[in-house]
Amino acid sequence: MSSTADKLEKEIKALPDIEKLRLVDAILTDLDRPDPEIDRIWAEEARKRWDATKPVASGPFPIKRSCPNTETNENSIPRGSANR
């Protein structure tokens, strides 16, 4: 004995392509139901990503901390820089 899905599959194969497309659209619409918990999780993730793009309020970053292997004085450009 065939299952309901097997019977439906045989009937679907006999349909014209446009009817198959309408059926696929109806099935996908039925499966794509909103989930408030998933929406909440994505909203939280979006906020985290947005916050990560905001500039940090801080002063200038000392060159010796950002480029520890360069020799500099306070008014010079590090050696090996493209701006010679």
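The values are calculated or read from the model by the stated rules, or taken from the named source; none is laboratory data. Bear in mind that the values here come from a model prediction, so they are computed numbers and not experimental data. In this analysis, Cβ positions are derived from the backbone assuming ideal geometry, glycine residues included, and neighbour counts consider all displayed protein chains.
Here are some notes:
- Selection within the stretch 1-25 - among the hydrophobic types (A, V, I, L, M, F, W, C) and loosely packed, with under 10 Cβ neighbours inside 10 Å: 1, 5, 14, 18
- Test: residue in the stretch 55-72 that is in contact with a Pro (Cβ under 7 Å, 6 or more places away or on another chain), part of a helix (DSSP H, G or I) and at pLDDT 60 or above: yes
- Index of the failed condition, residue 77 passing every other in (1) of a type in the set (A, V, I, L, M); (2) at pLDDT 85 or above; (3) surrounded by 10 or more Cβ atoms within 10 Å (Cβ to Cβ): (2)
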